[in-house]
Amino acid sequence: MNGLMMDVPLSTSGIVRRARQLHPGKPIVSRRADRTIHRTTYGECVDRAVKLAAALRRLGVRRGDRVATLAWNHWRHLEIYYAVPSSGAVLHTLNLRLHPDDIAYIANHAEDKVILVDKVLWPLWEKVAPQVRIRHTIVMADDGEVPSGTLDYEALIAAESAGGEFADVPERRAAAMCYTSGTTGKPKGVVYSHRSLMLHAIGLALTDAFRLAERDTVLPVVPMFHVNAWGLPFVCGMLGCGQVHPGPHLDPTSLLELLAAERVTLTAGVPTVWLGILQKLDSAPAAFDLSALHSMVVGGAAAPEGMMRGFKERHGLTVIHAWGMTETSPLGTISRLTSHIEQLDDATQWAYRAKQGRPSPLVEIRARGEKGLIPWDGTAMGELEVRGPWIAGAYYHADDGREAFTEDGWFRTGDVVSIDIHGYVTIQDRAKDLVKSGGEWISSVALEGALMGHPAVAEAAVIAVPHEKWDERPLAAVVLKEGATADPAELRFYLMDKFSKWWIPDEVVIVSAIPKSSAGKFLKSALREQFRDRYGQANPSLRGLSRSS
Ligand code: ADP
């Protein structure tokens, strides 16, 4: 058909050109490793990104080459975010919380050509370096000195002359890649295209999603090495939001200081970060002026309703709950109340806010149980499947994880969910974390959420422990708030009026800390290992049996 719209590629270059043209003076604030504050602007950031791209070209980086980073969130990492994809190369953010051997495996698997590393992370990189084939090592230092045999990031930029801008990149080319954490098997590469990053950025901005606008100032606590800081650097550049980056300082006090001082309006991270922040705020309610903050987006693991309520009722702060994965860019579902739910009573509204929410526009969902697709009745459970233009269609090596993709083009998430009549998803568990007791599923997520609603509980993780009679039984590991007391019997009793009797964990064990994954989530595999032999051998004969049968 003639007379169609222009076929302008959706490419990150468009975001970067727009940032320099329309909001060159908007601030980008970062905390350095020595805790001092660095301030720059989009104008300066893009000027330096253009020079960085030229320097990388001079080092031999070509279209499609992987350029890795090992860095905290700060202005230089943002420059790399803008420079690498927009010049046609592929940004590969390495997760600095992984074991050096895993980082090496991932860098080799991705065939990274260049690495840009924070000087403060040099001791880590030294353990990785002998195991990888990387052509150039560029170090980002605040003191002007870099280890011998490496290139100085600042010197590379200083050597380039100003001028030039990023041309469009064909939209279906690779722009960035991240690896899954590998908690289930080897880490797998997820490759984002220019088109997927751009569409995802627009999706994030929507009023029913993150509700972002030019007037916002955004602090991603979520690391730039974790699903592209959930796409925030791209949507912020697109809209002109101010950005605030915490560097390596992710403790509650450092974050609260930045949120207050920089008048941050939206921040985002995993629940364990917010659990710590809530405790800090509860102990010092007037110490931080958070009056500018309109949204704290929480995702990556289930946000307990008690935490969401605590922020609102005690501090006037709004938590927005979202679900996603590395494979979903990550925005999959987000819990905003529809006009219908807003008419319902308070308790129902809270229950809805604590769900994972409805799929973003352009994301379709369905869930599959043992007998096929499940009805959207809020009770049937099945594995969530998703499709959409920012959902992975395959892993980087197509043979990896082939079973995650259905024949009709949906991605199998490995999350067990129910979906209600309004399309709100509730994650009951990751398939591998489900407790199967006497042939029936028990949701560890629901039990954890309830336990974290107890006033004495700071953190709770529920795991399946092999059991000689029931195959598996739930056990809760609980960390108490500082100075709080509660005994295990009281905590079990607290759950009694909320769940059927057979859901109540056989034991509540008070622990001093719950092990965390590289993304700050509860590391249930470590707990499962610790309590493995508690209730005897598993009884697999019960698998597949229904408790009601
Ligand atoms: P990993 O957790 O393996 O490091 P991802 O960041 O890709 O890697 O994690 C995605 C998983 O995190 C999802 O499959 C889901 O199990 C869990 N998840 C993400 N968001 C939520 C949420 N809001 N509630 C419950 N679980 C979540």
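From Cα coordinates alone, what are the radius of gyration and Dmax values for the range 112-269 in angstrom?
Just the Cα atoms of the range 112-269 yield Rg and Dmax of 17.9, 50 Å.
Tell me the angle of helix 42-58 to the major Cα principal axis of the chain, expressed in degrees between 0 and 90 and rounded to the nearest ten.
Result, in degrees: 70.
Which order do the peptides 64-70, 54-60, 89-95, 158-164 take when ranked by the mean count of other beta-carbon atoms within 10 Å per residue, highest first? Provide the component values of the computation, followed by the final result.
Values: 64-70: 22.7, 54-60: 16.1, 89-95: 24.9, 158-164: 11.0.
So the order, starting with the most tightly packed, is 89-95, 64-70, 54-60, 158-164.
Kindly state, to the nearest 0.05, the FRET efficiency for Phe493 paired with Lys469, given R0 = 25 Å and r defined as their beta-carbon distance. Before the final figure, lay out each step's value.
On the way: r = 23 Å, r/R0 = 0.91.
Computed FRET efficiency for Phe493 and Lys469: 0.65.
Would you list Met381, Met308 from fewest to most Cβ contacts within 10 Å? Display every interim value, and only then the final one.
Numbers: Met381 18, Met308 26.
The fewest-first ordering by Cβ neighbours comes to Met381, Met308.
How are the Cα pair distances of the range 308-360 distributed, in percent, across 5 Å bins from 0?
Each 5 Å bin holds this share of Cα pairs: 5, 20, 23, 24, 16, 9, 3, 0.
Which values of log₁₀ I(q)/I(0), to two decimal places, follow from the Debye formula for the range 267-426 at q = 0.12, 0.20 Å⁻¹ with a uniform point scatterer at every Cα?
-0.58, -1.25
If amide H atoms are built 1.01 Å from N in the plane of the peptide, which residues on other chains or at least 5 residues away come under 5 Å of the amide H of Leu10?
Correct list: Glu171.
Express in nm, to one decimal, how much length is gained between Lys312 and Ala284 on full extension, taking 0.36 nm for each residue of separation and deducting their alpha carbon distance. Spell out each step's value before the answer.
Details: separation 28, 0.36 × 28 = 10.08 nm, distance 1.57 nm.
Extra length from Lys312 to Ala284 when fully extended: 8.5 nm.
Take Tyr82, Tyr192 and order them by how many other Cβ atoms sit within 10 Å, fewest up front. Don't jump to the answer; show the numbers that get you there.
Details: Tyr82 28, Tyr192 25.
With the sparsest Cβ surroundings first, the list reads Tyr192, Tyr82.
Please tell me which of these pairs span more than 21 angstrom C-alpha to C-alpha: Lys498/Lys521; Lys188/Lys355; Lys432/Lys521; Lys312/Lys355?
Numbers: Lys498/Lys521 25 Å; Lys188/Lys355 28 Å; Lys432/Lys521 15 Å; Lys312/Lys355 16 Å.
Beyond 21 Å: Lys498/Lys521; Lys188/Lys355.
Expressed as a rounded percentage, what relative contact order does the range 366-494 have, with Cα pairs under 8 Å and six or more residues apart? Before the final figure, lay out the partial values.
Working: 228 pairs, mean separation 21.3, N = 129.
That works out to 16 percent.
Count the DSSP beta bridges whose two residues both fall in the range 442-517, then state the antiparallel fraction as a percent rounded to the nearest 5.
Working: 10 of 14 bridges.
Rounded to the nearest five, the antiparallel share is 70 percent.
Which whole-number percent of Cα pairs in the range 363-485 have a distance greater than 26 Å?
Numbers: 2683 of 7503 pairs.
When every Cα pair of the range 363-485 is considered, 36 percent fall beyond 26 Å.
Can you list the lysines whose alpha carbon is less than 18 Å from that of Lys119, not counting same-chain residues fewer than 8 positions off?
Candidates past the 8-residue exclusion: Lys127.
Fewest first, what order do Arg135, Arg20 take by the number of other Cβ atoms within 10 Å? Before the final figure, lay out each step's value.
Details: Arg135 12, Arg20 21.
Ascending number of Cβ neighbours within 10 Å: Arg135, Arg20.
Taking the convex hull of the Cα atoms, report for the range 190-340 its projected area averaged over all directions, in nm².
Numbers: hull surface 35.2 nm².
Averaged projected area of the range 190-340's Cα convex hull equals 8.8 nm².
Antiparallel DSSP bridges in the chain: what percent, to the nearest 5? Don't jump to the answer; show the numbers that get you there.
Details: 48 of 85 bridges.
Given both bridge residues lie in the chain, the antiparallel proportion sits at roughly 55 percent.
Taking only DSSP H segments of four or more residues, each worth -39500 (n - 2.57), what value at 222 nm results for the chain once the sum is divided by all its residues, to the nearest 500 deg cm²/dmol?
On the way: 15 runs with 150 residues, N = 549.
Using -39500 (n - 2.57) per qualifying helix, the result is -8000 deg cm²/dmol.
At His422 and Ala347, where each label point lies 7 Å from the Cα along Cα→Cβ, what is the point-to-point distance in nanometres?
1.7
Sorted from largest to smallest, which semi-axis lengths in Å does the alpha carbon gyration tensor of the range 391-549 give for its equivalent ellipsoid, taking the root of 5 times each eigenvalue?
Numbers: eigenvalues 167, 79, 58 Å².
Value: 29, 20, 17 Å, ordered largest first.
R0 = 30 Å: FRET efficiency of Ser161 with Met5, Cβ-based, nearest 0.05?
Numbers: r = 37 Å, r/R0 = 1.24.
The formula returns an efficiency of 0.20 here.
Contact order normalised by length for the range 155-261, with contacts defined as Cα pairs under 8 Å and 6 or more residues apart; what percent is it?
On the way: 116 pairs, mean separation 20.2, N = 107.
Computed value for the range 155-261: 19 percent relative contact order.
At a Cα cut-off below 14 Å, give the aspartates and glutamates reachable from Lys371, other chains included and same-chain residues fewer than 8 away excluded.
In chain and number order, the partners are Glu383.
What FRET efficiency, computed as 1/(1 + (r/R0)^6) with R0 = 22 Å and r the Cβ-Cβ distance, is obtained for Ser525 and Glu403, rounded to the nearest 0.05? The partial results should precede the final answer.
Values: r = 20 Å, r/R0 = 0.93.
The formula returns an efficiency of 0.60 here.
How large is ³J(HN,Hα), in whole Hz, for each residue of the range 507-512 in order, when computed from phi with the Karplus curve 6.51 cos²θ - 1.76 cosθ + 1.60 and θ = phi - 60°, using x for Gly and Pro?
Working through the residues one at a time gives 9, 10, 10, 7, 10, 7 Hz.
Using alpha-carbon pairs under 8 Å, 6+ residues apart, how would you state the relative contact order of the chain in percent? Mind dumping the intermediate values first?
Working: 1197 pairs, mean separation 57.0, N = 549.
Rounded, it is 10 percent for the chain.
Write down the percent of antiparallel bridges among all DSSP beta bridges whose residues are both part of the range 254-340, to the nearest 5.
Values: 3 of 10 bridges.
Once the DSSP bridges in the range 254-340 are tallied, antiparallel ones form about 30 percent.
Would you pull out the residues with amide H under 5 Å of Val435's amide H, same chain only if 5 or more places away, H placed 1.01 Å from N?
Those qualifying (amide H under 5 Å, at least 5 residues apart or on another chain) are Ile442, Ser444.
Which percent of Cα pairs goes in each bin when the distances of the range 346-408 are cut into 10 angstrom slices starting at zero?
17, 39, 33, 10, 2
With each label point set 7 Å from Cα along the Cα-Cβ vector, what nm distance links Asn108 and Ala380?
4.6
Under a straight-distance cross-link criterion of Cα-Cα below 13 Å, which aspartates and glutamates are reachable from Lys481, leaving out those fewer than 8 residues away in the same chain?
Asp282, Glu459
When the gyration tensor of the range 138-194 is built from Cα positions, what are the square roots of 5 times its three eigenvalues, in whole Å, from largest to smallest?
Numbers: eigenvalues 188, 106, 10 Å².
The three semi-axes for the range 138-194 are 31, 23, 7 Å.
Mind listing the phi-derived Karplus ³J(HN,Hα) values for the range 454-469, rounded to whole Hz, using 6.51, -1.76 and 1.60 with θ = phi - 60°, and x for any glycine or proline?
Taking θ as phi minus 60°, the curve returns 6, x, 8, 9, 8, 9, 9, 10, 10, 10, 8, 10, x, 9, 5, 9 Hz for the range 454-469.
Hey, what do the phi angles of the range 122-138 turn into as Karplus ³J(HN,Hα) couplings, whole Hz, using 6.51/-1.76/1.60 and θ = phi - 60°, x for Gly and Pro?
Taking θ as phi minus 60°, the curve returns 4, x, 5, 4, 4, 7, 7, 3, x, 9, 10, 9, 10, 7, 10, 10, 10 Hz for the range 122-138.
Check Glu459: other-chain or 5+ apart residues with amide H under 5 Å from its amide H, H built from backbone geometry?
Under 5 Å from the amide H of Glu459: Val479.
Multiply the residue gap between Ala260 and Arg39 by 0.36 nm, knock off their C-alpha separation, and tell me the result in nm, one decimal place. Kindly include the intermediate steps, with their values, before the conclusion.
Values: separation 221, 0.36 × 221 = 79.56 nm, distance 1.61 nm.
My answer for the length gained is 77.9 nm.
As a test of the definition: which semi-axes, in Å, follow for the chain when you take the square root of five times each eigenvalue of its alpha carbon gyration tensor? Largest first, please.
Numbers: eigenvalues 307, 131, 119 Å².
Each semi-axis is √(5λ); the values are 39, 26, 24 Å.
Rule-based calculations on the coordinates, nothing more; no lab input. What you see is a predicted model, and the numbers here were worked out from it, not measured in a lab. Cβ sites come from the backbone with ideal geometry, for glycine too, and all protein chains shown count toward neighbours.
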